[in-house]
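Undergrad: This is the structure, below, for whatever I ask next.
The values are calculated or read from the model by the stated rules, or taken from the named source; none is laboratory data. Computed from a prediction, not measured in an experiment: that's the story for all the values here. Virtual Cβ from ideal backbone geometry, glycine too; neighbours counted across all protein chains shown. Please note that ligands, DNA and RNA were not included when accessible areas were found on the heavy atoms of the full protein model with its side chains. Shrake-Rupley method; radii C 1.70, N 1.55, O 1.52, S 1.80 Å.
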Amino acid sequence: MLLKSNNFTVKMLIEKSGRSGKTVTVLNGLPKIEIYLKDLCTELKKKCGSGGTYLTDQKEGVIEIQGDKREIIRATLIAKGIKIKG
């Protein structure tokens with residue numbers, strides 16, 4: 001499926017609160033298309049070598065990757081032509 005990656009900007013942040021002290025890298029502002037989120041989440045989990053999940057129950061799509069993986073995720077998204085903040 002072809003998706004115009006210039007239609008959105010991903011907001012990346014690190015969360016620790018409410019997660020028993022575990023660090024999670026959160027990507028907000030993704031399109032709420034389940035197959036797109038699933039494929040992107042799987043690719044990011046493989047590149048980072050860690051677990052993660054995607055959520056479609058909010059107004060935007062969200063991907064959560066375990067650990068502080070900002071550099072790997074940023075490089076991957078930029079290579080795909082996706083704009084990123086944070």
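Undergrad: For residue 13, work out the one condition from (1) touching a residue at least 40 places away in the same chain (Cβ under 8 Å); (2) hydrophobic (A, V, I, L, M, F, W, C); (3) open to solvent by less than 40 Å² (accessible area, probe 1.4 Å) it doesn't fulfil.
TA: (3)
Undergrad: Looking only at segment 37-85, how many residues end up being open to solvent by 70 Å² or more (accessible area, probe 1.4 Å) and in contact (Cβ under 8 Å) with a residue 60 or more places away in the chain?
TA: Qualifying residue count for the region: 3.
Undergrad: Would you confirm, using the coordinates I've provided, whether residue 38 is in contact with a strand residue (DSSP E or B) (Cβ under 9 Å, 6 or more places away or on another chain) and more than 12 Å from residue 12 (Cα to Cα)?
TA: Considered against the rule, which asks whether it is in contact with a strand residue (DSSP E or B) (Cβ under 9 Å, 6 or more places away or on another chain) and more than 12 Å from residue 12 (Cα to Cα), residue 38 comes out as yes.
Undergrad: Determine which single condition residue 23 fails, assuming it passes every other condition in (1) open to solvent by 70 Å² or more (accessible area, probe 1.4 Å); (2) over 18 Å from residue 80 (Cα atoms); (3) in contact (Cβ under 8 Å) with a residue 24 or more places away in the chain.
TA: Of everything listed in (1) open to solvent by 70 Å² or more (accessible area, probe 1.4 Å); (2) over 18 Å from residue 80 (Cα atoms); (3) in contact (Cβ under 8 Å) with a residue 24 or more places away in the chain, residue 23 misses just condition (1).
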